[in-house]
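Report on one structure; see the data block that follows.
What follows is calculated from the coordinates using simple rules that are stated; it is not laboratory data. Worth saying up front: this structure is predicted, and the values here are computed from it rather than measured. Neighbour counts are summed over all protein chains in view; Cβ atoms, including those assigned to glycine, are modelled from backbone coordinates with ideal geometry.
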């Protein structure tokens, strides 16, 4: 799915794809290999499903037919049967959390003690009009 066109339409299609993949075995069949075999992230896999969903919606409207949920072989199924098929065949295993970013806290730009001490002195002098607080004037 490209970034051309309405961002509202894209967002709506992606949200609809997320719902549809949980209710339509044929769309779950598209989502599953994207996540499991190709290693795509959730959003990328949803974009692929959104494209398929948009094609189906257009075809149903063009043919003036209702959208019918079917199993993998194309036979119509009830919503309960569809959810059972998805749970049985297309449940994506959970991935572990992403690795934490590695940051090195060195140098004055990251808040070293030396930097903090220099900043504190400068801040204190500015607060007292450039005068040190230990002088009597």
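Here are the numbers for this structure:
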item	result
FRET efficiency for residue 95 and residue 37, using Cβ-Cβ distance with R0 set to 22 Å, rounded to 0.05	0.95
Proxy reagent accessibility, fewest Cβ within 10 Å first, across 10, 95	95, 10
Rg and Dmax of the stretch 29-73, Cα atoms only, in Å	12.5, 37
Burial ranking of peptide ranges 22-35, 74-87 (average Cβ count within 10 Å, highest at the top)	22-35, 74-87
Burial order of peptide ranges 58-64, 2-8 (average beta-carbon count within 10 Å, highest first)	58-64, 2-8
Per residue convex hull volume, Cα atoms of the stretch 7-89, in Å³	92
Inter-label distance for residue 63 and residue 80, nm, one decimal - labels placed 7 Å from Cα along Cα-to-Cβ	2.8
